[in-house]
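Values quoted throughout were computed directly from the atomic coordinates according to the rules given, and no laboratory measurement underlies them. What you see is a predicted model; the values in this text were computed from it and never measured. Cβ atoms come from the backbone with ideal geometry, glycine included; neighbour counts cover every protein chain shown.
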Amino acid sequence: MKLKEIAEKLECTLEGNGEVEITGANSLERAGPNELTFLANRRYTPLLKSTRAGAVLLAQDFVAKDFGPMSLPALRCADPYLAFAHALEFFYRPPRPSVGTHPTAVIAPTACIGPNASIGPFVVIEDDVQIGVNAVLHSHVVIYRGAKIGDDCYAHSHAVVREFCQIGDRVILQNGVVIGADGFGFAKQADGSHYKMVQSGVAVIEDDVEVQANSCVDRATVGETRVRRGAKLDNFVQVGHASDVGENAILCAQVGLAGSSHLGKNVLLAGQVGVAGHLSLGDNVIATAQSGIPNDVPSNTMVSGYPAMENKLWLKCCAVFGKLPELQKTVRELKKVLERGKRMEEDDG
C-alpha cells in the first residue's frame, strides 16, 4: 500500500514522498524501509535520527527542529498512537475460525446459538444458554446454564462464563477468564469456622468490554457485579463481588477490587493497585502503580502510595524518605545538645 493511500484512509496530512510502498507497521527501533512507525511519547524523539522506517506518524504540533532536520516522510494527525492502532489493521488481521460447530463440542438441546457463530473443539454450552450472532468460542470454552452471550463476542480458549451471567455485544474474553465465579463470601460461626454464603447474584459485562488473560469478575452474593460499557481489564485483575466498574475504566495488571467497590467513569488504576471494599472512586480518578486505597476518592483526583494520598503530596513525601536516616541523626544530636544544656542549667541553679 502506498503511503499516500494510508494518509487518505487515516485522514492524515502527508509530508514527503507519498509513493513509498508500505507493507507493515513497527516500532521506531525495529521498523524497516517499508514499514510505518509512530512517535507519540516525545521522550523517544532522538530515535527519529536512527530509525530505518519508511514513514512516521507525528502529531500536528510536532516540530522537527526539536531534534534536527528530518527527511523521513511523515503523516500528521491529532493522535499518532490512535492512528497507528488503525494502521496496524491494514496489515494484520487475527485469524478467525470458520463458521460452524466442531463435532467434539457439547451443546445442550435447549441452548440457542445465533447465526454465523463459530463453536470450537471441546466447547461446553449448557441448558438455556443464548449465544449471539457472529460469536466465536474457541476450544475448551465453557458456558454454564442460563448465561447470555451477545453478538460479535469472542471468547478465547478456557474462558468460562458461569450460570445466568450476562455478556453484552462485542465483548472479548481472553484465555482463562472467569466471569461469575462465586464471590468470596463467608459468615464466621461461633466455633471460628466459616459458613459459605450462597452467591445468588450474577455478573454482568456490558458492551465493548475486554477482559484479558486469567482475570476474574466474581458474581454477587445478592444483586449483581457489573463491568460497564467500554471498560478494559488487564491480565490477573480481580473484581470482587457486587463491585461496579464504570464506563471506559482501565484496570491494569494485578489490580484488585474488594467487594462492593464502586468506580466511576474513566477511572485508571495502574498495575497492582488495591481498593478496599465498600469504597467509591469518582469519575476520572487515577491511581498510580501499587497504590493502596483505603478510603473514598473524589472525582478528578490522582492518588499514589499507601495509604493512598494526593499525588503531589506523595511525591513530596517520597523526596523526604531517602533523607530520614540523616534527619534521625540530626534529631538525636539536637536532643543531646538540649539535654546537655538542661543539665548545665540545673548545675548552675
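Before moving on, here are some points about what is shown:
- Highest average packing first - 104-116, 51-63, 240-252, Cβ atoms within 10 Å: 240-252, 51-63, 104-116
- The range 29-38 - phi-based ³J(HN,Hα) in whole Hz, Karplus 6.51/-1.76/1.60, Gly and Pro as x: 6, 10, 5, x, x, 10, 10, 8, 10, 8
- For the range 106-123, Karplus couplings with θ = phi - 60° (6.51, -1.76, 1.60), whole Hz, Gly/Pro x: 10, 10, 5, x, 8, 6, 10, 9, x, x, 6, 7, 10, 10, x, x, 6, 5
- Estimated vicinal HN-Hα couplings, Hz - the range 95-103 in sequence order (Karplus 6.51, -1.76, 1.60; Gly, Pro = x): x, 10, x, 5, 5, x, 10, 5, x
- For residue 259, distant residues with modelled amide H under 5 Å away: 241
- Computed over the chain, the per-residue total of -39500 (n - 2.57) for DSSP H runs of n ≥ 4 gives a 222 nm mean residue ellipticity of -5000 deg cm²/dmol, rounded to 500.
- Residues with amide H under 5 Å from that of residue 149, placed H, sequence gap 5 or more: 130, 131, 132, 167
- Correct option for Kirkwood radius over Cα pairs in Å [calculated from the coordinates] among [x] 24.1; [y] 22.2; [z] 25.4: [x]
- Residue-count net charge about residue 210 - beta-carbon cut-off 14 Å; Lys, Arg +1, Asp, Glu -1: -3
- Take the Kirkwood radius over Cα pairs of the range 3-91, plug it into Stokes-Einstein at 10 °C and 1.306 mPa s, and you get 126 µm²/s for translational diffusion.
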